[in-house]
Structures are given as structure tokens and as C-alpha cells.
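Some notes on the structure that comes next.
The values are calculated or read from the model by the stated rules, or taken from the named source; none is laboratory data. What you see is a predicted model, and the numbers here were worked out from it, not measured in a lab. Counting neighbours? That spans all protein chains shown, and the Cβs are built from the backbone with ideal geometry, glycine included. Remember, those area values only see protein heavy atoms, side chains included, never the ligands or the DNA or RNA. Shrake-Rupley method; radii C 1.70, N 1.55, O 1.52, S 1.80 Å.
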Amino acid sequence: MPRSIILSLILIAAPSLIAQTIHTTADLQQREAKLLATAKAAPTGLGTDIMDDYGNDRTLLVVRVHSGDPERHQLWADQMVVKKGTITLVTGGTMQGEHPNGTAPGETLGTSIEGGKETVLHAGDIAHIPAGMPHQAKIAPGTTVTYLVFKEKEK
């Protein structure tokens with residue numbers, strides 16, 4: 001078969017081979033409602049759902065009803081988009097009490113961050129957290145926050 005015909009067939013088939021994912025508002029609202037129930041029942045106050053996983057990048061939906069522990073991802077950068085609520089994002093500084101997460105290679109948790117920068121994020125705000133940077137999501141007691149995290153594996 002001539003190369004031009006093979007190339008034409010590949011180009012015709014290519015759009016159906018490329019994964020396309022769409023998350024509607026209704027889908028996100030359903031997921032968020034389930035995660036809120038999970039977060040309220042969990043001692044960590046966290047509900048999270050991996051919506052997409054393409055190997056080198058992932059999309060997570062997160063609901064928090066309590067502040068999270070400080071964390072560091074050696075292999076992953078995070079792009080955080082706040083959907084609802086207010087977060088005080090602490091970045092940089094030095095993690096105290098750092099220990100392996102136990103659920104993912106190259107990820108650690110801590111007890112606090114000393115010398116980090118605090119930035120208040122509201123619905124619609126976006127923050128980029130490079131791989132290797134300590135960070136923590138703090139929320140006010142009695143509040144709830146929902147955000148998307150787009151994780152990209154550093155090369």
C-alpha cells in the first residue's frame with residue numbers, strides 16, 4: 001500500500017484515537033456533593049476524586065472542610081483553581097515534621113511550614129505550585145472549599 005494512503009488513513013482515524021474528556025456542570029455538582037459527604041465523614045476533612053488520569057497529568061476535584069497537612073510532591077506540579085470558598089495557600093518555607101506520605105512515591109507530609117508565604121485565594125483564583133515546593137491549604141473553621149487540581153508530572 002502506498003505511504004500516502006497509509007498516512008491518509010492514519011490522519012482520518014487520528015481524531016477518534018485521541019481521548020476527549022468533558023465534565024459538565026451537572027457532573028461536577030454530583031461529584032462535589034459526594035465529596036462533601038466524604039469530607040464531612042473523614043477525620044482529615046478531605047474528599048478527593050481523580051477525574052482524569054493520563055499518566056503524566058491528572059485532574060482532581062477536591063472538597064475540604066478542614067485545613068490540610070503541609071505536603072510536598074517531588075514529581076508533580078499542581079495548578080489549583082478555586083471553585084467555591086476561600087483558601088489561605090501557604091507555599092515555600094521549610095516543612096516541619098516531614099515524613100513519607102505512604103500512598104505515593106516522592107510525596108511527603110509535614111506538621112507545619114515555617115517561613116512560607118500565605119496567599120488568600122477566592123473562587124476563580126488560580127495558583128501554580130511547582131514540584132518540590134512545600135504547600136498547605138488552610139481554610140477557616142466551619143467553612144468548605146472546593147477546588148480543581150491539575151497535576152503535571154515534572155520531567
Counting only residues in the stretch 134-153 that are assigned to a loop (DSSP other than H, G, I, E, B) and in contact with a strand residue (DSSP E or B) (Cβ under 6 Å, 6 or more places away or on another chain), the one nearest to G85 (Cα to Cα) is identified as I139
Of the conditions (1) modelled with pLDDT under 95; (2) open to solvent by 60 Å² or more (accessible area, probe 1.4 Å); (3) polar (S, T, N, Q), the single one that T48 does not satisfy is (1)
### Task
Say whether the condition of being free of Cβ contacts under 8 Å to residues at least 12 places away in the same chain and either open to solvent by less than 40 Å² (accessible area, probe 1.4 Å) or out of contact with any Gly (no Cβ under 7 Å at 6 or more places or on another chain) (or both) is met by at least one residue in the stretch 92-99.
yes
Here the qualifying pairs (Cβ atoms under 9 Å; residues six or more apart or on different chains; first in the stretch 27-42 and in a loop (DSSP other than H, G, I, E, B); second among the β-branched types (V, I, T)) come out as A42/V65
For the stretch 124-153, the count of residues that are open to solvent by 50 Å² or more (accessible area, probe 1.4 Å) and at positive phi equals 2
P70 meets each of (1) in contact with a Leu (Cβ under 8 Å, 6 or more places away or on another chain); (2) open to solvent by 20 Å² or more (accessible area, probe 1.4 Å); (3) of a type outside the set (S, T, Y) with one exception, condition (2)
